[in-house]
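Participant: If you scroll down you'll find the structure; I have some questions about it.
The values are calculated or read from the model by the stated rules, or taken from the named source; none is laboratory data. Note that this is a predicted model, so its numbers are computed, not measured. Using ideal geometry, Cβ is built from the backbone for each residue, glycine included, and neighbour counts are taken over all protein chains shown. Just the protein is used for accessible areas: all its heavy atoms, side chains included, with ligands, DNA and RNA removed. Shrake-Rupley method; radii C 1.70, N 1.55, O 1.52, S 1.80 Å.
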Amino acid sequence: MTKAIHIIGGGMAGSEAAWQAINLGVPVVIHEMRPHVGTFAHQTGNLAEMVCSNSFRSDDDEQNAVGLLHWEMRAAGGLIMEMADRHRLPAGGALAVDREPFAQSVTDRLRSHPLVRVVENEITALPDDGPAIIATGPLTSGALAAAIAQEAGQDSLAFFDAIAPIVHADSIDMSKAWMQSRYDKGETEEERTAYLNCPMDRDTYEAFIDALLAADKTEFHEGETAKYFDGCLPIEVMAERGRETLRHGPMKPVGLTNPHQPDVKAHAVVQLRRDNKLGTLFNIVGFQTKMKYGAQTEVFRMIPGLENARFARLGGIHRNTFINSPTLLDAEMRLRSRPHIRFAGQITGVEGYVESAAMGLLAGRLAAAEVLGQTLPPVPQVTAMGALIHHITGGAEAKTFQPMNVNFGLFPPIDLKGGRRNRKARYKGYTDRAKSAWQEWLDAG
């Protein structure tokens, strides 16, 4: 019998790693500690549970690096993208997902597969033999994190992640709010009205900023330092950087017209995005927070339209653990000191659902090939997958290594023919080159 790959962690990366391995005929055992051992952010024991946003971000595979990553994962038969597409919600040009049926579908597909065994247990030490993939994500249990730190010979790196609140739709005052995607983006009316908008005038915005700055916030434990990932900053931290920061970030008013007052330009706009297919829940876009629960309800009800808001979930902050991958991992994502162990997902220092799942996809394929006695060619660095794996396994500076979303800055420069130098042409050049190289890599494997 083919030796099974033990995958520790059943999040985005672990689920995708499992799917890729079993499609190559290699059995897997998924070790998931939930629901017996919970975390701050998780609500269920389902695989691939979404705990922060419900967005996979841009789905534009010609002009956006994360959209390109979507394309590459679809081309590789990725389970995460298949289920995201199945449970897609209107979100303009983004790929937003109905989170509960999405996770349930991933769980059902894997649990029903004859080559998959799911074991609900907490792994507290590094596996002595392999093959194994550690994909425990940002909320790696304390015991396993300590084991990893001991093996690495250094303290685990960490930053802090925040989650945004979710509001019951029927508690929103639609006499003040309206539905519109920024710049009416989207091909259908549903897409063009995918976001719920709450406008603020100058006085309301200034009072809101004052309340944010004065609100009670979560304190850190002794010895912890608040190193945030810039793509997921709490709104209070943004406000502390300057009173106009939010107005030029998640609360920017551009591309929107209030039908209740079409001649009045809002000073700032709070956007909410549908969080489930029924449209009964909306999450407040970009409103990750570390405010205490009582302060959250008080401050967020200052937003016009949310004066009587009922919250299905309040925001919060949690510790996010990741390893110094450029120092610890080889080019095939193996732990240098124990090469039977691979790491995948957010614990490797990629940021975001899609990036995490993508690293799971590669780890699953690489581990399965090794079990089968095969050697896969290096992932082309000109692809989104290759740019990410190169960054975490050697392209980044180890001394300043921080979590990273996929972006065109990680790709080798492209020489455009015919003098095409504008950004749109350059990005199209990146994506065309990547798609060709990725398909060639898949065919070679």
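Participant: Shape call for the stretch 54-136 from the C-alpha gyration tensor, a ≥ b ≥ c root eigenvalues: rounded (a/c under 1.5), prolate (a/b greater than b/c) or oblate?
Facilitator: Details: a/c = 2.33, a/b = 1.77, b/c = 1.31.
In terms of gyration-tensor shape, prolate.
Participant: Give, as a single signed number, the net charge of other residues whose beta carbon lies under 12 Å from the beta carbon of Met333, with Lys and Arg counted +1 and Asp and Glu -1.
Facilitator: Working: positive: Arg334, Arg336, Arg342, Arg365; negative: Asp330, Glu332, Glu370.
It works out to a net charge of +1.
Participant: Counting only DSSP beta bridges with both residues in the chain, tell me the antiparallel percent, nearest 5. Mind dumping the intermediate values first?
Facilitator: On the way: 31 of 47 bridges.
Expressed as a percentage, antiparallel bridges in the chain total about 65.
Participant: With a sphere of radius 15 Å drawn around the Cβ of Gln439, what net charge do the other residues whose Cβ falls strictly inside it have (Lys, Arg +1; Asp, Glu -1)?
Facilitator: Details: positive: Arg74, Arg365, Arg433, Lys435; negative: Asp61, Glu72, Asp432, Glu440, Asp443.
Net charge around Gln439: -1.
Participant: Of the listed values (1) 1.26; (2) 0.99; (3) 2.61, grab the one calculated as Cα Rg over 2.2 N^0.38 Å from the structure here.
Facilitator: (2)
Participant: Where a ≥ b ≥ c are the square roots of the eigenvalues of the C-alpha gyration tensor, would you call the stretch 347-445 rounded, which needs a/c under 1.5, or, failing that, prolate if a/b is larger than b/c, or oblate? List each step's numbers first, then the result.
Facilitator: On the way: a/c = 2.30, a/b = 1.33, b/c = 1.73.
Judged from the Cα gyration tensor, the stretch 347-445 comes out oblate (a/c at least 1.5, b/c at or above a/b).
Participant: Could you give the nm distance between label points at Arg202 and Glu397, where each point is 7 Å from its Cα heading toward the beta carbon?
Facilitator: 4.2 nm
Participant: Between the stretch 291-316 and the stretch 231-269, what is the separation of their alpha carbon centroids in Å?
Facilitator: The stretch 291-316 and the stretch 231-269 have Cα centres spaced 17 Å from each other.
Participant: The stretch 49-90: which GluC sites (Glu not before Pro) are DSSP loop and have at most 16 other beta-carbon atoms within 10 angstrom? Show your work: numbers first, answer last.
Facilitator: Details: sites: Glu49, Glu62, Glu72, Glu82; in loops: Glu49, Glu62.
Passing sites in the stretch 49-90 are Glu62.
Participant: Please compute the net charge surrounding Lys292, taking Lys and Arg as +1 and Asp and Glu as -1 over other residues with Cβ under 12 Å from its Cβ. Present the calculation step by step, with values, prior to reporting the outcome.
Facilitator: Working: positive: Lys217, Lys290; negative: Asp216, Glu219, Glu236, Glu298.
Net charge in that neighbourhood comes out at -2.
Participant: Using a 1.4 Å probe, what is the accessible area per residue for the stretch 340-420, in Å²? Could you put the intermediate results ahead of the total?
Facilitator: Details: 2880 Å² over 81 residues.
On a per-residue basis, the stretch 340-420 sits at 36 Å².
Participant: Going by accessible area, probe 1.4 Å, with all protein chains left in place, what is the ranking of Glu189, Glu122, largest first?
Facilitator: Values: Glu189 115, Glu122 70 Å².
The ranking, largest first, comes out as Glu189, Glu122.
Participant: Something else about it: Just the accessible area per residue of the stretch 1-113, please: how many Å² with a 1.4 Å probe? Spell out each step's value before the answer.
Facilitator: Details: 3710 Å² over 113 residues.
Accessible area per residue: 33 Å².
Participant: Are there any helices in the chain, counted as whole DSSP H runs, that stretch 24 Å or more along their axis by Cα and score at least 0.5 on average by Kyte-Doolittle, and if so which? Before the final figure, lay out each step's value.
Facilitator: Values: long enough: 353-371 (27 Å, 0.95); 423-444 (31 Å, -1.57).
Qualifying helices: 353-371.
Participant: Given H placed on each backbone N at 1.01 Å, which residues far from Met404 in sequence or on other chains put an amide H within less than 5 Å of it?
Facilitator: Under 5 Å from the amide H of Met404 lie the amide H atoms of Val350, Glu351, each far enough along the sequence or on another chain.
Participant: Can you give me the distance in nm between label points at Glu189 and Lys3, each placed 7 Å from the Cα along the Cα-to-Cβ direction?
Facilitator: 6.0 nm
Participant: May I pose another question? Probe radius 1.4 Å, ligands and nucleic acids ignored: give me the carbon and sulfur share of the accessible area of the chain as a rounded percent. Intermediate results must be reported in sequence, preceding the final value.
Facilitator: On the way: 9130 of 18500 Å².
The C+S portion of the solvent-accessible surface of the chain is 49 percent.
Participant: With +1 assigned to the C-beta of every Lys and Arg and -1 to the C-beta of every Asp and Glu, and no other charges, what is the dipole magnitude of the chain about the Cα centre in debye, to the nearest 20?
Facilitator: Values: 46 positive and 53 negative charges, 157 e Å.
The calculated dipole for the chain is roughly 760 debye.
Participant: Another one. Per-residue ellipticity at 222 nm for the chain, helices alone: DSSP H runs ≥ 4 residues times -39500 (n - 2.57), over residue total, nearest 500 deg cm²/dmol? Working shown, then result.
Facilitator: Working: 13 runs with 138 residues, N = 445.
Helix contribution divided over all residues of the chain: -9500 deg cm²/dmol.
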